[in-house]
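Data first, discussion second: the structure below is written as structure tokens.
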Amino acid sequence: PPAEGKRQLSAAAAADAIHAGSIKQRLAAAFQQSLDAAFPSMAGEPAIVVPCGNPKFGDYQCNNAMALHGKMKGKPDAPKNPRAVAEALLANLPETGMVAETSLAGPGFINIRISPEWLAQHITSMMRDGISTWVPAGYAGRRVVVDFSSPNVAKEMHVGHLRSTIIGDTIARTLEFAGADVKRLNHIGDWGTQFGMLIQYIAEKRPEGLNAASDEDVADLQVLYRAAKLRFDEEEDFKTRAREAVTELQGGRPEYLQAWQRICDASRREFQKLYDRLDVTLEERGESFYNPMLKPVVDDLMERGVAELSDGAKCVFVEGGQNPLIVQKTDGGFGYASTDMAAIKHRIHEEKADWIIYVTDAGQAPHFDLVFAGAAKAGYLPADRTVRIDHVGFGLVLGEDGKKFKSRSGDVVRLVELLDEAKKRITATVKERRPDATDEEVEEAAAAMGYGAVKYADLKNHRTTNYRFSYDDMLSQQGNTAVYQLYAHARIASIVRKSGRDMAQVAASSSVVLGHEKEVALGLQIARFSDAVDDALSELLPHRLTEYLYDLSAAFNQFYVECQVNGSPEEDSRLLLSEATALIMRTCFQLLGIRVLYRI
Ligand code: ARG
């Protein structure tokens, strides 16, 4: 019967799961099998495996016993206490080769010690077959839209957009590493009422009108924006003419469209300078892209009764929402929410996304809550939850004084200048530490460290917290900074280089052996890399990666203090461990968007 076939298939899949993905995922799969076998009435209850709270007792722990015991009370197969549940879980645990020993603690925690032999083998294989064999399970082949950066044309690109760019890029890079098919979309604000004001301002500045407009008019968009805004706020007549200009633009009048295009091009060139420094790639798909879809979407929502008229506006009322989602304003205009409804539909139906991630400041959470609820009501988001959707919100960037971040002159900060300043400040340090370096090497190191420092300082905080922007802190050679990490990596690279050995050959002919206690600790930390990647993705928290990297550097330092590498009897194994550490560090840098340095 088909049901039987299905069960066999899933048993085979379950057996595979034990040998794929991160250590935590493998252990969870093993405990899942044991749970399903030991307590058939509870089959499907997810197995919970986490790193052990106290490393004295184990490396990981399984926490299911207490809750399972509670849920099974009164059932025929109910065990008498949580400890009995834990014992049954252990008795049914399939052979994985990973577990050296287990112990029971407290009322029913299961502590697990990973086998050093298994770890050694695991690292040896990775050094032969590559880091791509270490991706966590569950991400390969998924189609993910990451909507990030998304500044507004001709408006200030502020530090919030810098955060979105940095966090979004790391999420996209990490998903790509894990095998997902990622679409990086820049949802720039390139359509809206601000264009009427700008175009009208340019038109009136030139006696010959818009036809004579040139790139000169858009050379400094911030200046243009401020001047236009001033007139807009102060002159009633200008305001009226600016509104008319919006109508002309939306009506598609050629010289208006041309001026709009000119402004967008100038803006794009500005944004690109930042993306180049940050090594960020993005596909521009601004709000204007969805313009033709807005009316059909709203009509469809009205026809199906998803949206309704309220005070002349077309609104989607969602359960529990204080305000409705306004998809068309009383004056007939479409706004931010209209575009996001059209965009979400397009991303699910046309882009075939099964995961959509929006990276903006936390202040936009109410907007996205409404859009997601509206999209669910409209049926764009399937009811069976096959499409995952996340708003990745983040906190503010503050100045060193803890107040709003601004430049010395009190103006908003130009982001390119901010990156260049970080690079400039670290240049002296680079020259001091390596007086022999060529100009090119200094330039390369300063760019990697300066830009990397800004990114790292942003990513290392839990993204929802506000953080202070301090050049001194982020460029420090001590502590959890990019500069420290880049030095740490270069030091390991130099240990390996000094051996004079060809590491591919060492990996092919020798194996890792974990004997010394610090070797075991380092081996475990190296192998936890895939856990860190999974943690960063499952909760969309990039700081899990920097935290991991910091712990890895510390584990290496402790190893290196006690274990001689070059010239020791254990040289091959220890070189492999060193090179594995360096490789994982480089992979973390890649995920964090930080350029690697081998010599500094
Ligand atoms: N342009 C918006 C802003 O600067 C961010 C857009 C985010 N993406 C979206 N689909 N709404 O606030």
Checklist line | Hits in the stretch 245-289 - residues which are part of a helix (DSSP H, G or I), within 27 Å of the chain's Cα centre (by Cα) and more than 16 Å from the ligand (Cβ to nearest atom) | finding: ARG269, GLN272, LYS273, ASP276, ARG277, LEU278
Item checked: Subset of the stretch 98-148 [among the aromatic types (Phe, Trp, Tyr) and closer than 26 Å to THR581 by Cβ] -> TRP118, TRP134, TYR139
Check: Can you pull out the residues in the stretch 147-194 that are in contact with a Leu (Cβ under 7 Å, 6 or more places away or on another chain), of a type in the set (Ser, Thr, Tyr) and not in a loop (DSSP other than H, G, I, E, B)?
Finding: THR165, THR170, THR174
Notebook entry, point to check: Is there a residue in the stretch 40-57 that is buried (at least 21 other Cβ atoms within 10 Å of the Cβ), among the hydrophobic types (A, V, I, L, M, F, W, C), within 23 Å of LEU522 (Cα to Cα) and within 36 Å of the chain's Cα centre (by Cα)?
Noted result: yes
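Listed here are the residues, each with its yes/no results for (1) at pLDDT 95 or above; (2) out of contact with any His (no Cβ under 6 Å at 6 or more places or on another chain); (3) over 27 Å from ASP534 (Cβ atoms); (4) surrounded by fewer than 21 Cβ atoms within 10 Å (Cβ to Cβ).
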position	(1), (2), (3), (4)
MET157	no, yes, yes, no
THR170	yes, yes, no, no
GLU176	yes, yes, no, yes
PHE195	no, yes, yes, no
Item checked: Residues being at negative phi and away from the ligand (no atom under 12 Å from the Cβ) - total across the stretch 160-190 -> 17
Checklist line | Single condition LEU325 does not satisfy, out of (1) surrounded by fewer than 18 Cβ atoms within 10 Å (Cβ to Cβ); (2) within 15 Å of the ligand (Cβ to nearest atom); (3) under 25 Å from THR193 (Cβ atoms) | finding: (1)
Notebook entry, point to check: Has the stretch 391-399 got at least one residue that is over 21 Å from GLU539 (Cα atoms), in contact (Cβ under 8 Å) with a residue 40 or more places away in the chain and in contact with a Lys or Arg (Cβ under 6 Å, 6 or more places away or on another chain)?
Noted result: yes
Check: Out of all the residues in the stretch 251-262, is one or more charged (D, E, K, R) and under 30 Å from LEU419 (Cα atoms)?
Finding: yes
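Of everything in the stretch 79-99 that's of a type outside the set (A, V, I, L, M, F, W, C) and not in a loop (DSSP other than H, G, I, E, B), which residue is farthest from LEU68 (Cα to Cα)? Let's see the steps before the verdict.
Filtering the stretch 79-99 down to residues of a type outside the set (A, V, I, L, M, F, W, C) leaves 79-83, 87, 92, 94-97.
After this cut, where a residue has to be not in a loop (DSSP other than H, G, I, E, B) as well, the list is 82-83, 87.
On the way: PRO82: 8, ARG83: 11, GLU87: 12 Å.
Filtering the stretch 79-99 for residues that are of a type outside the set (A, V, I, L, M, F, W, C) and not in a loop (DSSP other than H, G, I, E, B), the one farthest from LEU68 (Cα to Cα) comes out as GLU87.
Just give me the residues in the stretch 141-177 being of a type outside the set (Gly, Ala, Ser) and more than 29 Å from TYR225 (Cβ to Cβ), in sequence order. Reasoning before the result, please.
From the stretch 141-177, those of a type outside the set (Gly, Ala, Ser) are 142-148, 151-153, 155-159, 161-163, 165-167, 169-171, 173-177; that's our starting set.
If the condition is that a residue be of a type outside the set (Gly, Ala, Ser) and more than 29 Å from TYR225 (Cβ to Cβ), then ARG142, ARG143, VAL144, VAL145, THR170, ILE171, ARG173, THR174, LEU175, GLU176, PHE177 are the ones that fit.
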Check: Given (1) under 20 Å from PHE289 (Cβ atoms); (2) assigned to a helix (DSSP H, G or I); (3) touching a residue at least 40 places away in the same chain (Cβ under 8 Å), where does LYS377 come up short, assuming only one miss?
Finding: (1)
Check: In the stretch 140-159, which residue that is free of Cβ contacts under 8 Å to residues at least 60 places away in the same chain and more than 29 Å from VAL218 (Cβ to Cβ) is nearest to the ligand (Cβ to nearest atom)?
Finding: GLY141
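Yes or no: PRO136 crowded, with 24+ Cβ neighbours inside 10 Å, more than 16 Å from the ligand (Cβ to nearest atom) and part of a loop (DSSP other than H, G, I, E, B)? Walk me through it before giving the result.
Working: crowded, with 24+ Cβ neighbours inside 10 Å: yes; more than 16 Å from the ligand (Cβ to nearest atom): yes; part of a loop (DSSP other than H, G, I, E, B): yes.
Taking the combined requirement at face value, the residue satisfies it.
Keeping to the stretch 480-520, report how many residues are in contact with a helix residue (DSSP H, G or I) (Cβ under 7 Å, 6 or more places away or on another chain), assigned to a loop (DSSP other than H, G, I, E, B) and either exposed (fewer than 14 other Cβ atoms within 10 Å of the Cβ) or small (Gly, Ala, Ser) (or both).
Step one: of the stretch 480-520, the residues in contact with a helix residue (DSSP H, G or I) (Cβ under 7 Å, 6 or more places away or on another chain) are 480-483, 485-486, 488-489, 492-493, 495-496, 499, 501, 503, 506-508, 510-514, 516, 518-520.
Subset that is assigned to a loop (DSSP other than H, G, I, E, B): 480-481, 501, 510-514, 516.
Adding the requirement that they be either exposed (fewer than 14 other Cβ atoms within 10 Å of the Cβ) or small (Gly, Ala, Ser) (or both) leaves 510-511.
Counting residues in the stretch 480-520 that are in contact with a helix residue (DSSP H, G or I) (Cβ under 7 Å, 6 or more places away or on another chain), assigned to a loop (DSSP other than H, G, I, E, B) and either exposed (fewer than 14 other Cβ atoms within 10 Å of the Cβ) or small (Gly, Ala, Ser) (or both) gives 2.
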Margin query: If I ask for residues that are more than 10 Å from the ligand (Cβ to nearest atom), closer than 25 Å to ASN466 by Cβ and without any contact (Cβ under 8 Å) to a residue 60 or more places away in the chain, which ones from the stretch 332-371 would you list?
Written below: ALA365, PRO366, ASP369, LEU370
Margin query: Given (1) of a type in the set (Phe, Trp, Tyr); (2) surrounded by 19 or more Cβ atoms within 10 Å (Cβ to Cβ); (3) not in a loop (DSSP other than H, G, I, E, B), identify the lone condition not met by TRP118.
Written below: (2)
Checklist line | Single match in ASP369, ASP331 (criterion: of a type in the set (Asp, Glu), surrounded by fewer than 21 Cβ atoms within 10 Å (Cβ to Cβ), within 22 Å of VAL298 (Cα to Cα) and modelled with pLDDT under 95) | finding: ASP331
Next item on the list: Working carefully through the options LEU162, LEU175, LEU230, find the one that is out of contact with any helix residue (DSSP H, G or I) (no Cβ under 6 Å at 6 or more places or on another chain) and within 25 Å of VAL397 (Cβ to Cβ).
Entry: LEU175
Notebook entry, point to check: Could we say that ARG468 is closer than 18 Å to ILE123 by Cβ and not hydroxyl-bearing (Ser, Thr, Tyr) here?
Noted result: no
Margin query: So ARG544 ticks every box in (1) without any contact (Cβ under 8 Å) to a residue 24 or more places away in the chain; (2) surrounded by fewer than 21 Cβ atoms within 10 Å (Cβ to Cβ); (3) under 25 Å from ILE356 (Cβ atoms) but one. Which box is left unticked?
Written below: (2)
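Looking only at the stretch 58-70, which residues are touching a residue at least 24 places away in the same chain (Cβ under 8 Å) and either in a loop (DSSP other than H, G, I, E, B) or under 36 Å from the mean Cα position of the chain (by Cα) (or both)?
Just the residues of the stretch 58-70 that are touching a residue at least 24 places away in the same chain (Cβ under 8 Å), to begin with: 58-66, 68-69.
Listed by number, the residues that qualify are GLY58, ASP59, TYR60, GLN61, CYS62, ASN63, ASN64, ALA65, MET66, LEU68.
From the list THR429, THR464, which residue is touching a strand residue (DSSP E or B) at 6+ places or on another chain (Cβ under 7 Å) and either part of a helix (DSSP H, G or I) or of a type outside the set (Gly, Ala, Ser) (or both)? First the steps, then the outcome.
Values: THR429 fails: touching a strand residue (DSSP E or B) at 6+ places or on another chain (Cβ under 7 Å).
Sole residue among the options that is touching a strand residue (DSSP E or B) at 6+ places or on another chain (Cβ under 7 Å) and either part of a helix (DSSP H, G or I) or of a type outside the set (Gly, Ala, Ser) (or both): THR464.
The values are calculated or read from the model by the stated rules, or taken from the named source; none is laboratory data. Note that the structure is a prediction, hence the values are computed from the model and not measured. Backbone-built Cβ (ideal geometry, glycine too); neighbour counts: all protein chains shown.
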